[in-house]
Amino acid sequence: MKPREIVPDVYYVGAPDFDRRLFDALIPLPDGTSYNSYLVRGRDKTALIESVEPEKINVLEGYLKDVPKVDYLISNHTEQDHSGGIPWVLGRYPGIELLSSEPAKPMLVDHLGLSAARIRTVADGERLDLGGKTLRFIYTPWVHWPETMSTYLEEDQILFSCDWFGAHIAQTGLFVDGADCILAEAKRYYAEIMMPFRKIVQKNLDKIKDLEIRLIAPSHGPIYRDPQSIIRAYRAWADDRPANSVVIPWVTMHGSTALMVERLAAALVERGVTVYPFNMATADIGQLAMALVDAATIVVAAPTVHVGPHPMAYNAVVLANALRPKVRFASIIGSYGWGGKMVDMVKAAMPNLKVELLPTVIAKGLPKTADFEALDALAGTIAAKHMELGLFSG
Ligand code: FEO
C-alpha cells in the first residue's frame, strides 16, 4: 500500500491490529489496537516517526517499498510496540540516523540490543529542519515511560504524541469519527497506563498548553482533528478532584459477600452516590480501571479463602494500588467462615492509595441484621465524606 496522506508530505505508514485481544499479557483490548508510524517529507530530508510492533513489520515494509531513502528515524518511546521494528528499519536504510531523547538511549540499547553508537540523542526543545518541515522534540516523561518525548511538526501544527492521547482501537480510517466513542477508549487507555503518573501528566499538559495544535497524531488509535477534545478530557481525568462515585470490586463464593454488596450499593444510591460494582470473577479490568479514574471511594468486597482475601478480589486491590487513582476513601467489607486476616492483608496491599480508611464490615457466614445496619451506616459515612468534599455539587 502507498503511504496514506494526512496533510501534504505527511503520511500514515502504521498498522492496525484487529485481532489482538491482550496487551502486556494484562490489558484487555476489546477493539484491537494499532501501531502508528508516520512519514514526514521535507524538501531535503525525510523522517520516519516510530517503527511498529515487530509482528506488523510487513505492513511498514509494504508502505516503505517505494521509499528509497529515509534520513531520520525518530523514536519517541522505547516500548517495543513502537520500537520493536527499529532493527528492521536500520537494516532497510543503513544510512538512517536514529534519534531519541537522552534517557531513551540506554533503554534502546537494553531493550533492543542496539549499539549506542547508532543512536543520536536530541535535547528537549531541539529542532530538526527537514526543509520546509521542522520537527521540534518535546520531552514528555512518563507518558508512558520515563524516556518518552513527543515530536511537534511546526509548519503543520501536528503533535506526534506516541502513547499520550492514544487509544487501543483498530480501524481502517485515519481520523477520529465519533467523539464519544474515542473518549471512552482513550479513557480506558489513560486509566491503564497514564493514571499512575497523573501529576506528571498535569505538568506535560501545562508544557504544551501554548502550542498551536491542529492535529494530534498518537501512536495508538486514530488522529484527532479536534485536539482540544482529548486535551480537555486529559485535564479532567488527571485533575485532583474526584467524582461522587464508589467503585466496588467484589467476589462471592456462597453468596454472603454478594448480599452485602447489594445492600451497600442500594444504600449508597439512596444517598445520591453513583456506584460501579465489578464482579471480579468476570469483570473487564479495563472497565474497573476506567471507573477508578474518577471515583472518590473504593470499597473492596471479599470473602475469606484460607485466611486471606479471595485472590480475585486481592488482584483488584493490587491493580488499584499499581494504578494510583485519585481515590480519597477506602473500606473493606466481606465475610469469613471461621476466622482470618482478610482485612489486614487487603490494607497492607494498598500502600500507594492515599486514602482515609473508613470502617470495615465483616460478617461471619451469612450477613445478619447488624451487618446490614453497619453497611447502611457505612453508606452514610461515605455520603457524608463526599458531601464534605463538595462532590454533590455536580
Ligand atoms: Fe504503546 Fe508504552 O507503548
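Every read-out reported here was derived from the displayed coordinates using simple, explicitly stated rules and does not represent laboratory data. Treat the numbers as computed from the prediction; the structure is a model and nothing was measured. FYI the Cβ positions are ideal-geometry reconstructions off the backbone, even for glycines, and counts take in every protein chain you see.
The table below gives the values:
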read-out	value
The chain, relative contact order [Cα under 8 Å, separation at least 6], %	12
For region 176-235, fraction of C-alpha pairs farther apart than 18 Å, in %	32
Of 364/385; 105/199; 341/364; 199/354, those spanning more than 21 Å from alpha-carbon to alpha-carbon	364/385; 105/199
Region 6-12 - phi-based ³J(HN,Hα) in whole Hz, Karplus 6.51/-1.76/1.60, Gly and Pro as x	9, 9, x, 6, 10, 10, 8
Amide proton proximity set for residue 37, modelled H, under 5 Å, gap of 5+	13, 14, 15
Interchain or long-range residues, amide H under 5 Å from residue 73's placed H	48, 97, 98, 99
Projected label distance in nm at residue 352 and residue 338, using a 7 Å step from Cα toward the beta-carbon	3.7
Gained length - residue 4 relative to residue 384, 0.36 nm times residue gap less alpha-carbon distance	131.3 nm
Residues whose placed amide H lies under 5 Å from that of residue 279, excluding near-sequence neighbours	250
Rounded FRET efficiency, nearest 0.05, which uses the C-beta distance separating residue 241 from residue 210 and R0 of 22 Å	0.35
Debye equation applied to the C-alpha atoms of the chain, log10 I(q)/I(0) at 0.14 Å⁻¹	-1.09
Inverse of mean 1/r across different Cα pairs in region 1-81, Kirkwood, Å	13.5
DSSP loop chymotrypsin sites (Phe, Trp or Tyr not before Pro) with at most 16 other Cβ within 10 Å excluded, longest remaining stretch of the chain	19-337
FRET E, pair residue 157, residue 177, Förster distance 22 Å, beta-carbon r, rounded to 0.05	0.60
Least to most buried among 162, 181 (fewest other Cβ within 10 Å first)	181, 162
Normalised contact order of region 13-96, rounded percent, pairs of Cα under 8 Å and 6 or more residues apart	27
Helix-only [θ]222 nm of the chain, DSSP H runs n ≥ 4, -39500 (n - 2.57) each, per residue, nearest 500	-9500 deg cm²/dmol
Amide N of region 179-198 lying under 20 Å from the label point, which is placed 7 angstrom from the Cα of residue 232 along Cα→Cβ	179-191
Cβ crowding within 10 Å averaged over residues, with 292-300, 207-215 ranked highest first	292-300, 207-215
